[in-house]
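See below for the structure under consideration.
The values are calculated or read from the model by the stated rules, or taken from the named source; none is laboratory data. Treat the numbers as computed from the prediction; the structure is a model and nothing was measured. Note: ideal-geometry Cβ built from the backbone for every residue, glycine included; neighbour counts use all protein chains shown.
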């Protein structure tokens with residue numbers, strides 16, 4: 001696969017547990033933005049290189065997730081002009097793309113591959129809403145997880161490190177504008193659930209569990225009695241060890257979505273359009289240590305706005321980030337799966 005310097009990407013189209021001394025607690029009424037967005041820094045030119053894993057003008061590819069050994073990527077794919085979405089897989093080196101699921105009659109979306117159990121969690125969507133499913137890496141042993149507490153629309157499964165529990169966002173009766181999303185912890189063996197967020201305080205979107213299982217980061221917004229809008233989310237962190245009394249902590253006050261963790265838990269990735277005049281998204285990285293100083297930490301911008309980078313995830317080695325990006329700068333361009341080779345870029349945080 002070809003490699004290109006990130007700064008020249010658009011010209012080449014078509015070619016350990018946290019410490020106990022942590023953030024000060026926020027009251028539920030103070031979880032919204034109270035400080036200016038973080039300062040944005042750029043990596044030195046040429047330090048990050050990129051390569052396409054999928055790049056086919058017939059398809060839109062989204063939401064990639066690495067296998068535990070980083071050798072395979074599972075992702076969403078739909079044919080341009082067709083809204084039917086199916087999970088596919090491909091070698092992380094690129095090559096032939098194949099279906100993950102054979103004969104599955106619903107749209108299959110939002111995959112997450114467990115390190116602890118090697119199972120893949122995903123959501124299935126149809127006219128009735130969204131449901132939670134598991135399968136093996138070859139697509140076999142399909143199982144639906146359906147606790148009684150779940151509403152009509154369940155999205156964004158993310159594994160805890162034990163490979164038994166998932167964090168999912170339950171939107172209740174469905175429809176984001178009217179939703180009061182709750183992040184729930186779900187045991188996939190016995191379907192026991194517990195709430196990790198309170199919709200009276202936060203309207204929750206996508207979330208991710210830290211590699212040690214202690215922290216939950218999520219895209220959300222304070223509940224101030226206005227309709228939920230995922231494009232105005234901020235990034236929060238919750239200390240799961242602190243119990244039900246732990247208030248959500250504002251990690252970054254600028255607009256942000258789809259957070260994820262580095263494999264050592266020291267960096268949070270997310271997407272944001274805060275620096276874009278066009279409204280397109282870029283991938284940002286911010287250092288996390290569990291200390292109050294994290295809130296004021298700088299952001300490292302890993303992709304240019306013109307890529308409209310979204311749904312970023314670290315490899316388990318920490319040396320790469322995979323994401324979905326526009327295949328060209330043309331309006332309405334299809335999307336492909338792109339890998340960033342980070343080298344020492346994160347040292348600039």
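In summary, residue 156 fulfils each of the numbered conditions (1) part of a strand (DSSP E or B); (2) crowded, with 16+ Cβ neighbours inside 10 Å; (3) at negative phi with the single exception of condition (3).
Got at least one residue in region 140-149 being in a strand (DSSP E or B), over 22 Å from residue 98 (Cα atoms) and modelled with pLDDT of 95 or more? Yes, the conditions are met somewhere in region 140-149.
Residues of region 197-236 that are touching a helix residue (DSSP H, G or I) at 6+ places or on another chain (Cβ under 8 Å), within 23 Å of residue 272 (Cβ to Cβ) and not in a strand (DSSP E or B): 201, 227, 228, 229, 230. Go through region 105-125 and report how many residues are outside any strand (DSSP E or B) and closer than 29 Å to residue 332 by Cα. Summing the residues that are outside any strand (DSSP E or B) and closer than 29 Å to residue 332 by Cα in region 105-125 gives 2. Filtering region 329-349 to residues that are closer than 25 Å to residue 299 by Cα and either part of a loop (DSSP other than H, G, I, E, B) or at pLDDT below 95 (or both) leaves 329, 342, 343, 344, 345, 346, 347, 348, 349. Checked against the criterion of being modelled with pLDDT of 95 or more, assigned to a strand (DSSP E or B) and touching a helix residue (DSSP H, G or I) at 6+ places or on another chain (Cβ under 8 Å), region 71-86 contains not a single residue that satisfies it. Among the conditions (1) modelled with pLDDT under 95; (2) surrounded by fewer than 17 Cβ atoms within 10 Å (Cβ to Cβ); (3) part of a loop (DSSP other than H, G, I, E, B), residue 247 misses just one, which is (2). Taking region 90-104 as the range and being surrounded by fewer than 20 Cβ atoms within 10 Å (Cβ to Cβ) and part of a strand (DSSP E or B) as the test, the residues that pass are 91, 98, 99.
Taking the criterion of being touching a strand residue (DSSP E or B) at 6+ places or on another chain (Cβ under 7 Å), modelled with pLDDT under 95 and surrounded by 15 or more Cβ atoms within 10 Å (Cβ to Cβ), would at least one residue in region 120-129 satisfy it? Among the residues of region 120-129, at least one is touching a strand residue (DSSP E or B) at 6+ places or on another chain (Cβ under 7 Å), modelled with pLDDT under 95 and surrounded by 15 or more Cβ atoms within 10 Å (Cβ to Cβ), which makes the answer yes. Residue count for region 57-79 under the criterion of being closer than 21 Å to residue 317 by Cα and touching a strand residue (DSSP E or B) at 6+ places or on another chain (Cβ under 9 Å): the result is 12. Just one of the listed residues (289, 317) is surrounded by fewer than 18 Cβ atoms within 10 Å (Cβ to Cβ) and either at pLDDT below 95 or farther than 17 Å from residue 49 by Cβ (or both), namely 289.
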